[in-house]
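Step one of this worksheet: look at the structure below.
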Amino acid sequence: MNSPGSLLKIQMDKALRLNERFGPACLNDPESGRLLRKLRDLIRRTGAAMLQSGVVSACAKCAVSGKGSCCFREMGESYGFMELFVNLLLGSLLPEKTDSQGSCHFVGDNGCKLQARQSFCLNYFCPDLKNSLGEQTILATRQQVGEQLLAGWELERVLARYIADADRQEQIGPPSCRR
Ligand code: SF4
Ligand code: SF4
């Protein structure tokens with residue numbers, strides 16, 4: 001087994017620290033809680049659309065065919081701490097070890113280990129897949145993906161504000177320290 005690259009390791013450690021520090025509070029916060037529920041629902045809908053359109057079965061066949069899927073190592077390396085923090089809030093685990101040498105750190109026997117995947121992971125259709133699905137199906141799938149990505153960005157923005165506010169409060173300190 002292999003380890004993630006050093007940059008991804010830094011991002012994963014940062015996401016884990018954020019989750020430890022802010023995870024429970026963000027889950028209980030009305031605004032971030034609502035946006036998390038919305039994102040979870042849209043992820044479920046994207047999954048259903050991918051399943052129905054045949055993307056899931058085509059990519060699963062591709063993964064076991066030996067031709068190699070498009071889950072390249074570089075893809076996993078490009079995840080940032082905020083995207084990974086969102087995945088932790090959704091209940092995904094960040095694996096310490098890479099299962100498949102040369103592939104994305106997050107790929108496992110049952111597919112991707114992340115719930116909130118980034119744009120390329122959701123929007124990329126290789127030429128074979130494009131031919132087999134057809135333009136209309138790809139368009140409908142991308143519309144669904146677009147809604148999910150928008151909800152993810154909205155949540156990240158709220159989380160970033162939450163963290164910045166908490167940091168600011170910490171710097172100011174409790175009332176007795178402000179004298
Ligand atoms: S998009 Fe194409 S290359 Fe990528 S996993 Fe699916 S079938 Fe394979
Ligand atoms: S779909 Fe998952 S396993 Fe594939 S490249 Fe994206 S993050 Fe990695």
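The table below lists the values:
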read-out: Any pair with Cβ under 6 angstrom, 6 or more apart, that starts in the range 94-112 at a residue that is on the phi > 0 side of the Ramachandran plot and ends at one that is surrounded by fewer than 21 Cβ atoms within 10 Å (Cβ to Cβ); value: Gly102/Arg73
read-out: Residue list for the range 106-135, filter: farther than 22 Å from Lys61 by Cβ and at pLDDT below 95; value: none
read-out: Selection count, the range 52-102, where residues are away from ligand 1 (no atom under 11 Å from the Cβ), within 25 Å of Arg142 (Cα to Cα) and of a type in the set (S, T, N, Q); value: 5
read-out: Subset of the range 119-142 (residues that are surrounded by fewer than 17 Cβ atoms within 10 Å (Cβ to Cβ) and within 20 Å of the chain's Cα centre (by Cα)); value: Ser119, Phe120, Asn123, Tyr124, Arg142
read-out: Qualifying position, being near ligand 2 (Cβ under 10 Å from one of its atoms), surrounded by 13 or more Cβ atoms within 10 Å (Cβ to Cβ) and within 22 Å of Gln11 (Cα to Cα), among Ala166, Ala151, Ala116; value: Ala116
read-out: Among (1) open to solvent by 50 Å² or more (accessible area, probe 1.4 Å); (2) in a loop (DSSP other than H, G, I, E, B) - the single one Arg34 does not satisfy; value: (2)
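The values are calculated or read from the model by the stated rules, or taken from the named source; none is laboratory data. In this text the structure is predicted, and so the values were computed from the model without any measurement. Don't worry about glycine lacking a Cβ; one is built from the backbone with ideal geometry, like all the others, and counts go over all protein chains shown. Keep in mind that these areas ignore ligands, DNA and RNA; they rest on the heavy atoms of the full protein, side chains included. Shrake-Rupley method; radii C 1.70, N 1.55, O 1.52, S 1.80 Å.
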